[in-house]
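The values are calculated or read from the model by the stated rules, or taken from the named source; none is laboratory data. From a predicted model like this one, the values you see are computed outputs, not experimental measurements. Cβ sites come from the backbone with ideal geometry, for glycine too, and all protein chains shown count toward neighbours.
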Amino acid sequence: MIITGEGPANDDIRYLEEGARRRGHLPCVVPWNELSVALDSRGPRLCSDGVPLEADGIIHQMSTDALGGLVVLGAVGEDVPHLNSVDAVLRSADKFATHVRLVAHGVPTPATAFCPNDRELRLFAREYGYPVVLKQPDGARGAEVTLAREEDELLAKAASIRERGIPLLVQRFVAEAAGRNHRVIVVGGKFVAAVEQTGGRPGDFRSNGPGDVCRPVALTEEEVSVAERAARASGLDLMSADLLRGADGPVILETNSFPAFGGFEHVDLCAPVLDLIERKVRENTSLALSGAASPEEILAAAEGDEPLAAST
Ligand SMILES: Nc1ncnc2c1ncn2[C@@H]1O[C@H](COP(=O)(O)OP(=O)(O)O)[C@@H](O)[C@H]1O
Ligand SMILES: [Mg+2]
């Protein structure tokens, strides 16, 4: 099993590595930029530092900052089961693409418009009613998520963000939730845990960013169901959703791939993640043995390779 992420292994990767070891796997932790892949009619072959890697499954923590790593993942495709497909990762990196999926799946989410110019910004902001939230499709940690209380402020803030050539989203403000967000982890379509996140910046409507605090929280049945539906809509195996408690019930703000585990120390996140990758590996193996490729073909494909890490 390969566990890969951006840069040197962080606490989350080490946590999964230890968990995998305890279950008898031989996890191989490799930064994405040290992974190479060769692809021919025998299928994909992974390699790191000149050594072939025999991988039955991949857990990765890659986002769009690791485009090269996502290319490798795309190349192994369904041959090596992994948690979070490239498609799902790319979609979740874009808040509007996510919004499109949430709406298509009937998941409650604040009204949002993608606006290339000021005319539409003004139009939709008036429709939603001030204050409105202005954000970038690809921001993170609350950066460039801002509140506009009236039109002049909206246009001034939009101009300053546009100076950097960034498209903008205008969104209905969920005032009831100001400063509080629920980070909800769903693995394999099933709710695992939630924390309430409150901002470290007094008076700020954003719950994340420097100094934010997370504490365990219980969700209602409806909230669990909304989060699980968001996971289905996003297509993410391993997801965290931002859920706000609105006046008319829960709404999903966005979905994130490979959630940072910080704040969830009270929960065993390893078990559901490993259960899921093990299940995918089993399903993949039985598919291969049921005719997609014969065992001889699989052995032939591996011939000449010296596996560095084998698993299960
Ligand atoms: N429409 C909104 N209504 C209320 N609060 C919001 C809204 N949009 C964002 N926020 C607040 O700002 C934070 C950051 O916004 P979010 O869209 O999740 O971007 P990021 O990718 O930076 O996390 C959220 O966690 C939430 O606290
Ligand atoms: Mg967020």
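Comparison of Asp275, Asp268, Asp237 shows that the only residue that is away from ligand 2 (no atom under 15 Å from the Cβ), under 15 Å from the mean Cα position of the chain (by Cα) and farther than 30 Å from Val132 by Cα is Asp237.
For the range 183-221, the set of residues classified as part of a strand (DSSP E or B), touching a residue at least 60 places away in the same chain (Cβ under 8 Å) and crowded, with 17+ Cβ neighbours inside 10 Å consists of Arg183, Ile185, Val187, Val192, Ala193, Val195, Gln197, listed by residue number.
Ala230 meets each of the listed conditions (1) in a helix (DSSP H, G or I); (2) away from ligand 2 (no atom under 13 Å from the Cβ); (3) touching a strand residue (DSSP E or B) at 6+ places or on another chain (Cβ under 7 Å); (4) of a type outside the set (Lys, Arg) apart from (2).
Selection of the range 13-34 for residues being in contact with a Gly (Cβ under 8 Å, 6 or more places away or on another chain) and surrounded by fewer than 19 Cβ atoms within 10 Å (Cβ to Cβ) yields Pro31, Asn33.
Surrounded by 13 or more Cβ atoms within 10 Å (Cβ to Cβ) and either closer than 22 Å to Asn10 by Cα or free of Cβ contacts under 8 Å to residues at least 24 places away in the same chain (or both), is that true of Gly43? Spelling it out, it is not the case that Gly43 is surrounded by 13 or more Cβ atoms within 10 Å (Cβ to Cβ) and either closer than 22 Å to Asn10 by Cα or free of Cβ contacts under 8 Å to residues at least 24 places away in the same chain (or both).
Condition check ((1) within 16 Å of ligand 2 (Cβ to nearest atom); (2) β-branched (Val, Ile, Thr)) across all residues:
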{"position": "Leu134", "(1), (2)": "yes, no"}
{"position": "Gly142", "(1), (2)": "yes, no"}
{"position": "Thr146", "(1), (2)": "yes, yes"}
{"position": "Ala156", "(1), (2)": "no, no"}
{"position": "Arg162", "(1), (2)": "no, no"}
{"position": "Val170", "(1), (2)": "no, yes"}
{"position": "Asn181", "(1), (2)": "yes, no"}
{"position": "Ile185", "(1), (2)": "yes, yes"}
{"position": "Gly189", "(1), (2)": "no, no"}
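Away from ligand 2 (no atom under 15 Å from the Cβ), surrounded by fewer than 19 Cβ atoms within 10 Å (Cβ to Cβ) and more than 17 Å from Val251 (Cα to Cα) - does that describe any residue in the range 92-112? No, that holds for no residue.
Taking the criterion of being among the acidic types (Asp, Glu) and within 12 Å of ligand 2 (Cβ to nearest atom), the residues of the range 240-260 that qualify are Asp242, Glu254.
Can you say whether Leu169 is touching a Cys at 6+ places or on another chain (Cβ under 9 Å) and either surrounded by 16 or more Cβ atoms within 10 Å (Cβ to Cβ) or part of a loop (DSSP other than H, G, I, E, B) (or both), as far as the supplied structure shows? Steps first, please.
Details: touching a Cys at 6+ places or on another chain (Cβ under 9 Å): yes; either surrounded by 16 or more Cβ atoms within 10 Å (Cβ to Cβ) or part of a loop (DSSP other than H, G, I, E, B) (or both): yes.
It is true that Leu169 is touching a Cys at 6+ places or on another chain (Cβ under 9 Å) and either surrounded by 16 or more Cβ atoms within 10 Å (Cβ to Cβ) or part of a loop (DSSP other than H, G, I, E, B) (or both).
Looking across the range 112-144, just one residue is within 15 Å of ligand 1 (Cβ to nearest atom), in a loop (DSSP other than H, G, I, E, B) and polar (S, T, N, Q), and that is Gln136. Filtered by the rule that a residue be among the charged types (D, E, K, R), part of a helix (DSSP H, G or I) and modelled with pLDDT of 65 or more, the range 266-300 gives Asp275, Glu278, Arg279, Lys280, Arg282, Glu283.
Taking residues in the range 105-120 that are farther than 17 Å from Asp242 by Cα, and partners anywhere that are among the hydroxyl-bearing types (Ser, Thr, Tyr), the pairs with Cβ atoms closer than 9 Å and at least 6 places apart or on different chains are Ala113/Tyr128.
Looking at the range 2-28, which of its residues are more than 19 Å from Glu278 (Cβ to Cβ) and assigned to a helix (DSSP H, G or I)? Across the range 2-28, the qualifying residues are Asp11, Arg14. Given the criterion closer than 19 Å to Thr220 by Cβ and either within 16 Å of ligand 1 (Cβ to nearest atom) or outside the structural domain of Gln197 (by TED's automatic domain parsing) (or both), identify the matching residue among Asp248, Asp275. Of the residues listed, the single one that is closer than 19 Å to Thr220 by Cβ and either within 16 Å of ligand 1 (Cβ to nearest atom) or outside the structural domain of Gln197 (by TED's automatic domain parsing) (or both) is Asp248.
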